[in-house]
Amino acid sequence: MQSTSEGSELFVSPAEIRAAIDGRQFKLCYHPKVESESLILKGFEALIRWEHPGKGLLMPDQFIRQAEEAGLIGRITELVVDEAFAWHRSMGSVQGLSLSINMSVKRLSDLDFADWLFLRCRHAGIRPDHVYLEVSETAVMSERLYALDMFTRLLAKGFRVSIDNFGLGRYSLAILARLPFSEVKIEKSFAMAAAQSDEARAFIKATVEVGHRMNLSVVAEGVEDRVTLEYLRRVGCDYVQGYLISRPMTGEQTTDWLANRRQMTKHMLI
C-alpha cells in the first residue's frame with residue numbers, strides 16, 4: 001500500500017476514524033529496542049498505523065490529534081492495548097520481553113486508566129513491570145497538573161513510564177524527573193545528526209549523564225549507522241532503536257527477525 005509521508009498535513013474526519021475503528025483498519029507494527037553494548041534484545045515498541053482505504057498508510061501524527069479532539073482516543077487505545085498484549089503473549093518463549101505503548105495525553109486525566117490497564121494485563125497474563133507507557137515530553141508538560149497523579153497510579157500498579165521525544169521541548173530533564181519516570185528516550189533527530197553535529201553529540205552525552213544520575217535508563221532512537229552506535233556506546237547510552245537494528249515489523253515478521261537476528265547483528269559486535 002502506498003504510504004503518505006510522515007508529518008504531512010492531512011484532514012481526516014471523525015466519521016473516517018469511527019469507520020477505521022469498526023473496520024479494523026488500524027494495524028500495529030513493532031520496533032525492537034536492544035542494549036547498546038551487547039545488542040541483546042530488551043523489548044519492542046508497538047507503533048500504530050492506519051491503512052486508510054483511500055489515503056494510503058497514515059502515521060500517528062496524521063490522525064491521533066483528530067482522534068483526541070473527536071473523543072475517540074479511548075477506543076483506539078483499547079484496540080492498541082488488546083492487539084499488543086495478544087502479540088506479547090504469543091511471544092512467551094522470549095523471557096523478560098518488555099512492551100512499550102504510546103499513551104495519549106488525553107489519558108492523563110482518566111483516573112481509571114491505571115486500573116483498566118492492570119486488568120487488561122491480568123487477563124493477558126502480562127506482568128505490569130514489562131509494560132512501558134510512553135508519553136511525549138511536550139504532552140507531559142501541557143498536562144502536568146494530571147501527570148503526577150496518573151504516573152503515581154501507574155507506578156503503584158507496577159507499570160513503567162517513559163518520557164518520549166526528549167529534546168523537542170524547552171524543558172530540562174531535572175524538571176521532568178520530578179515525575180516518576182523510569183526511562184528517557186532521546187528524540188530521533190539527535191542520533192540521526194550525531195555523526196555530523198557537535199551539538200547533537202553534546203546533547204546526547206549530557207542527557208545520558210543527567211539521566212543516569214537520576215537513575216533513569218536512557219534510550220536513543222533513530223540509530224541508523226555504525227558510527228552513531230559506537231558513539232552511543234562510548235557515552236554509556238543504555239538502549240538503542242533505529243533502522244541499523246531493524247525497521248518496524250508486523251507481528252508475523254518479528255518471529256523471522258528473532259530467528260535470524262544473531263547472524264544479522266554479528267557484524268555490529270565485531
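The values are calculated or read from the model by the stated rules, or taken from the named source; none is laboratory data. What you see is a predicted model; the values in this text were computed from it and never measured. Ideal geometry is used to build each Cβ from the backbone, glycine not excepted, and the neighbour counts take in all protein chains shown. Just the protein is used for accessible areas: all its heavy atoms, side chains included, with ligands, DNA and RNA removed. Shrake-Rupley method; radii C 1.70, N 1.55, O 1.52, S 1.80 Å.
Numbers for the structure displayed
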{"read-out": "Anchor Lys42: aspartates and glutamates whose Cα lies under 19 Å away (excluding residues fewer than 8 positions away in-chain)", "value": "Asp129, Glu134, Asp164, Glu183, Glu187, Glu221, Glu224, Glu230, Asp238, Glu252, Asp256"}
{"read-out": "Positive-end residue, the chain charge dipole about Cα centroid, Cβ charges, pick of Tyr231, Phe26, Ile76", "value": "Tyr231"}
{"read-out": "Alpha-carbon centroids, the range 104-121 and the range 172-245: separation in whole Å", "value": "28"}
{"read-out": "Highest average packing first - 77-86, 250-259, 25-34, Cβ atoms within 10 Å", "value": "25-34, 77-86, 250-259"}
{"read-out": "Under the Karplus curve 6.51 cos²θ - 1.76 cosθ + 1.60, θ = phi - 60°, whole-Hz ³J(HN,Hα) for the range 116-125, x wherever Gly or Pro sits", "value": "4, 5, 4, 5, 5, 4, 4, 5, 8, x"}
{"read-out": "Solvent-accessible heavy-atom area per residue, rounded to whole Å², over the chain at 1.4 Å", "value": "49"}
{"read-out": "Dimensionless Rg ratio for the range 34-113, taking C-alpha atoms and the 2.2 N^0.38 Å reference", "value": "1.30"}
{"read-out": "Value at 222 nm in deg cm²/dmol, rounded to 500, when DSSP H runs of n ≥ 4 in the chain each add -39,500 (n - 2.57)", "value": "-13500 deg cm²/dmol"}
{"read-out": "Charge dipole magnitude, Cβ of K and R +1, D and E -1 - the range 126-270, Cα centre, debye nearest 20", "value": "360"}
{"read-out": "Relative contact order (%) - criterion: Cα under 8 Å, at least six apart; region: the range 180-270", "value": "26"}
{"read-out": "Accessible-area composition of the range 12-159, carbon plus sulfur, in percent [1.4 Å probe]", "value": "52"}
{"read-out": "Relative contact order (%) - criterion: Cα under 8 Å, at least six apart; region: the chain", "value": "18"}
{"read-out": "Which listed pairs, of Lys27/Lys185; Lys27/Lys205; Lys55/Lys185; Lys106/Lys188, have C-alpha distances above 26 Å, in listed order", "value": "Lys27/Lys205; Lys55/Lys185"}
